[in-house]
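Structure record follows, encoded as structure tokens.
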């Protein structure tokens, strides 16, 4: 797990400033790790306000890079140092001021993507909230994983017959949660085992 | 003569056709006119258009800001000292540097916001305008391209008056079309007008993203002007996109104009009439 604390800034606006803030951290972020994707927490403790472009250039860029890794895309050669490239990490945010939280909410609403807020954390454990509502079936599936992780699509099919979906649908849900960077996955034998990227979900969606 | 953006295009056509210029009186200069004159001068001096350069020089003798704008764009020189915090300038012009001027830019944006409030715009509107202005200036750094010295060549300015405001941003970089076609999703674009329409109205960007993206940049400009009496002009290459916000929704119109490098945009808003803020000789 890595904690990236942004420098003290009253009002962090614009993509250029966002890139400057992120630039110093990039050497720490490796393209891949045999142990699996690394959780990276962006700490906004010293920032009072942001705008959408700043958030897109920081968290948004890392999220794009993270999704490219999840999709197994190759890095494309480019002279643009800020062209998104596969980075096997799970970005999260932390210590949001009310103004920062509002701006992130606006950004996520228009992008229709979730974002994980780390509420408490240690080296081994993160308690989190998921900002922005997920589609209901994904929200329920994430809740089931909190209760039974690590688990497979087959086990979910067996444990939750009331969902009335077939195995393929469970696999699709889990694949989507993986793409959204909300779950880890690990192959054991012929099965993929999934677990959430945080140890505790502060807002329980399913008991 | 009121030198505004449209007048620059008309004058360019006269130069291109070899016709004589009409007798000119230097009445006033809008921000859009100032920055399009600056961008035109970059091209005129490059190609050695002596008549055009003399035209620019004549305006520079009457309006010192014309020379200031050129110095800001061409070599990053800012003629204006950053004012004391208690001062709220009615007009400011600044070079858009690369990554080494971000703090001063934040203060510049804040002064614009305070200036807007001082002339009658409410705080929320002022915040929206200043934020959109900052996005447009940042776009120059992000997308216009760097010269051989690793610098962007851009300039931004604002001007306020009672119940009215104007801001303008200009660069002489690669232009919107060349920028957008870096993205495989936009490689089918073939004209600057198409590129402007996609960038301004449909969030096209040179950077690929997975899935939908949150609108920043140009959409922010449009959002900030919702239901305001405003007019917007975006010019790149031989394309012009004009948006008339005197009635809502905005009505876009595209047009072919004389070729010019880079991107120039200007926005003005008047709470009471269609008058565009302008600089006068004094």
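Does residue B:110 satisfy being surrounded by 22 or more Cβ atoms within 10 Å (Cβ to Cβ), in a helix (DSSP H, G or I) and in contact with a helix residue (DSSP H, G or I) (Cβ under 9 Å, 6 or more places away or on another chain)?
Values: surrounded by 22 or more Cβ atoms within 10 Å (Cβ to Cβ): no; in a helix (DSSP H, G or I): yes; in contact with a helix residue (DSSP H, G or I) (Cβ under 9 Å, 6 or more places away or on another chain): yes.
So residue B:110 fails the test.
Grab the strands (runs of 3 or more DSSP E) fully contained in the range A:1-108, keeping just those with 1 or more residues being within 14 Å of another protein chain (Cβ to nearest Cβ), in contact (Cβ under 8 Å) with a residue 12 or more places away in the chain and closer than 27 Å to residue B:109 by Cα. Break it down stepwise before answering.
Numbers: elements: A:2-5, A:9-12, A:38-43, A:47-50, A:89-94.
Answer list for the range A:1-108: A:9-12, A:47-50.
Name the residues in the range B:138-151 that are over 23 Å from residue A:55 (Cα atoms) and either within 14 Å of another protein chain (Cβ to nearest Cβ) or touching a residue at least 60 places away in the same chain (Cβ under 8 Å) (or both), would you?
Step one: of the range B:138-151, the residues over 23 Å from residue A:55 (Cα atoms) are B:146-151.
The answer is B:146, B:150, B:151.
Tally time: how many residues in the range B:64-82 are at pLDDT 90 or above and touching a helix residue (DSSP H, G or I) at 6+ places or on another chain (Cβ under 6 Å)?
5
Give the residues of the range A:109-132 that are modelled with pLDDT under 85 and under 15 Å from residue A:197 (Cβ atoms), sorted by residue number.
Keep residues of the range A:109-132 that are modelled with pLDDT under 85, which gives A:109-113, A:132.
A:113, the sole residue that qualifies.
Based on what the data block shows, is residue B:135 more than 18 Å from residue B:71 (Cα to Cα) and at the interface with chain A (Cβ under 10 Å from one of its Cβ atoms)? Outline the logic, then answer.
Details: more than 18 Å from residue B:71 (Cα to Cα): yes; at the interface with chain A (Cβ under 10 Å from one of its Cβ atoms): yes.
Criteria met by residue B:135.
Can you find a residue in the range B:160-169 that is in contact (Cβ under 8 Å) with a residue 40 or more places away in the chain, within 14 Å of another protein chain (Cβ to nearest Cβ), over 24 Å from residue A:78 (Cα atoms) and buried (at least 22 other Cβ atoms within 10 Å of the Cβ)?
So the first thing to find is which residues in the range B:160-169 are in contact (Cβ under 8 Å) with a residue 40 or more places away in the chain, and the list is B:160-169.
Restricting the remaining residues to those that are within 14 Å of another protein chain (Cβ to nearest Cβ) gives B:169.
Restricting the remaining residues to those that are over 24 Å from residue A:78 (Cα atoms) gives B:169.
From what is left, the residues that are buried (at least 22 other Cβ atoms within 10 Å of the Cβ) are B:169.
Scanning the range B:160-169 turns up at least one residue that is in contact (Cβ under 8 Å) with a residue 40 or more places away in the chain, within 14 Å of another protein chain (Cβ to nearest Cβ), over 24 Å from residue A:78 (Cα atoms) and buried (at least 22 other Cβ atoms within 10 Å of the Cβ).
Mind checking which residues of the range A:109-119 are within 10 Å of chain B (Cβ to nearest Cβ) and free of Cβ contacts under 8 Å to residues at least 60 places away in the same chain? Before the answer, list the steps.
Restricting attention to the range A:109-119, the residues satisfying the condition of being within 10 Å of chain B (Cβ to nearest Cβ) are A:109-113.
Those that are within 10 Å of chain B (Cβ to nearest Cβ) and free of Cβ contacts under 8 Å to residues at least 60 places away in the same chain: A:109, A:110, A:111, A:112.
Consider residue A:153 against the criteria (1) within 27 Å of residue A:117 (Cβ to Cβ); (2) over 16 Å from the mean Cα position of the chain (by Cα): it satisfies all of them except one. Which criterion is unmet?
(1)
Quick one: count up the residues across the range A:1-20 that are surrounded by 12 or more Cβ atoms within 10 Å (Cβ to Cβ) and more than 17 Å from residue B:135 (Cα to Cα). Spell out how you get there, then give the answer.
Just the residues of the range A:1-20 that are surrounded by 12 or more Cβ atoms within 10 Å (Cβ to Cβ), to begin with: A:1-6, A:9, A:11-20.
Okay, now just the ones that are also more than 17 Å from residue B:135 (Cα to Cα), so A:1-6, A:9.
Looking only at that region, the number is 7.
Can you tell me which of (1) within 14 Å of another protein chain (Cβ to nearest Cβ); (2) surrounded by fewer than 23 Cβ atoms within 10 Å (Cβ to Cβ); (3) under 30 Å from residue A:69 (Cβ atoms) is the one residue B:189 doesn't meet?
(1)
Test residue B:85 against the stated conditions and say whether it is surrounded by 16 or more Cβ atoms within 10 Å (Cβ to Cβ) and either in contact with a helix residue (DSSP H, G or I) (Cβ under 7 Å, 6 or more places away or on another chain) or more than 13 Å from chain A (Cβ to nearest Cβ) (or both). Walk me through it before giving the result.
Details: surrounded by 16 or more Cβ atoms within 10 Å (Cβ to Cβ): no; either in contact with a helix residue (DSSP H, G or I) (Cβ under 7 Å, 6 or more places away or on another chain) or more than 13 Å from chain A (Cβ to nearest Cβ) (or both): yes.
Judged against the criteria, residue B:85 is not a match.
Would you check if there is a residue in the range B:49-63 being surrounded by fewer than 17 Cβ atoms within 10 Å (Cβ to Cβ) and not in a helix (DSSP H, G or I)? Please lay out each step first, then the result.
Within the range B:49-63, the first condition is being surrounded by fewer than 17 Cβ atoms within 10 Å (Cβ to Cβ), and the residues that meet it are B:50-51, B:53-54, B:57-58, B:61-62.
Remaining after also requiring not in a helix (DSSP H, G or I): none.
There is no residue in the range B:49-63 that is surrounded by fewer than 17 Cβ atoms within 10 Å (Cβ to Cβ) and not in a helix (DSSP H, G or I).
Need pairs with beta-carbon distance below 7 Å; first residue at positive phi and within the range B:234-261, second crowded, with 16+ Cβ neighbours inside 10 Å and outside any strand (DSSP E or B); sequence gap 6+ or separate chains.
Listed pairs, sorted by first residue: B:237/B:175; B:237/B:177; B:237/B:192.
What is the residue count in the range B:68-93 for residues that are closer than 16 Å to residue B:31 by Cβ and not in a loop (DSSP other than H, G, I, E, B)?
Counting residues in the range B:68-93 that are closer than 16 Å to residue B:31 by Cβ and not in a loop (DSSP other than H, G, I, E, B) gives 8.
Assigned to a helix (DSSP H, G or I), over 15 Å from the mean Cα position of the chain (by Cα) and at pLDDT below 95: is that true of residue B:116 in this structure? Don't jump to the end; show me each part of the working.
Numbers: assigned to a helix (DSSP H, G or I): yes; over 15 Å from the mean Cα position of the chain (by Cα): yes; at pLDDT below 95: no.
Here the answer is no, as residue B:116 does not meet what is asked.
On the given criteria, is residue A:179 modelled with pLDDT under 95, closer than 22 Å to residue A:39 by Cα and in contact with a helix residue (DSSP H, G or I) (Cβ under 6 Å, 6 or more places away or on another chain)? It would help to see each step written out before you state the result.
Details: modelled with pLDDT under 95: yes; closer than 22 Å to residue A:39 by Cα: yes; in contact with a helix residue (DSSP H, G or I) (Cβ under 6 Å, 6 or more places away or on another chain): yes.
Criteria met by residue A:179.
The values are calculated or read from the model by the stated rules, or taken from the named source; none is laboratory data. In this text the structure is predicted, and so the values were computed from the model without any measurement. In this analysis, Cβ positions are derived from the backbone assuming ideal geometry, glycine residues included, and neighbour counts consider all displayed protein chains.
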